[in-house]
Amino acid sequence: MGTAQPNAAASRVIHTGSHCVAVVYEHALLGEGIARLVACATGANVYPVWGEDERALASTLASAPCVVIIERGLLLADLDLATVTPSAVVIELSAAGAPSDPVPGRAVGISEIIDIVRRALAG
């Protein structure tokens, strides 16, 4: 099963500001779908970024998003999110779409992801 390159609009270079959410993905259906759900539910500026588009990814992370949602296992060449975006809340997703556990021993769904994003946006 291969990974399709996302559309150009999802990979464009952007300058987001600190009140936004970056969704870094390998699989376009997962990343763009979660980005739309979070944007609709929270009203946040949500930017899906294909993880292999180094230029768009660097630009998005350099603008200090308050939340980074990233697909688990995505290899980001020598990128340490704690260093690049130290104040961001990081949510890691499995390829199946279930977030890795922000609360040990328990899986969370999209509604909890939305709640996490809302709390992060509220400061």
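What follows is calculated from the coordinates using simple rules that are stated; it is not laboratory data. For clarity, every value in this text was computed on a predicted model and none was experimentally measured. Reconstructed Cβ throughout: ideal geometry from the backbone, glycine too, with neighbour counts over all protein chains shown.
Worth a mention:
- Under 5 Å from the amide H of residue 66 lie the amide H atoms of 20, each residue being 5 or more positions distant or on a separate chain, with H modelled from the backbone and absent for Pro and chain starts.
- Extension gain, residue 122 back to residue 29 (0.36 nm per residue minus Cα-Cα distance, nm): 30.7 nm
- Label sites at residue 19 and residue 45, each approximated as a point 7 angstrom past Cα along Cα to Cβ, lie 1.0 nm apart.
- Net length available on complete extension from residue 37 to residue 90 is 17.4 nm, with 0.36 nm assigned per residue and the Cα-Cα distance removed.
- When the P(r) of the stretch 20-69 is calculated, the portion above 12 Å amounts to 56% of the C-alpha pairs.
- Peptides 109-120, 44-55 ranked from most to least packed give 44-55, 109-120, packing being the mean of other C-beta atoms within 10 angstrom over each peptide's residues.
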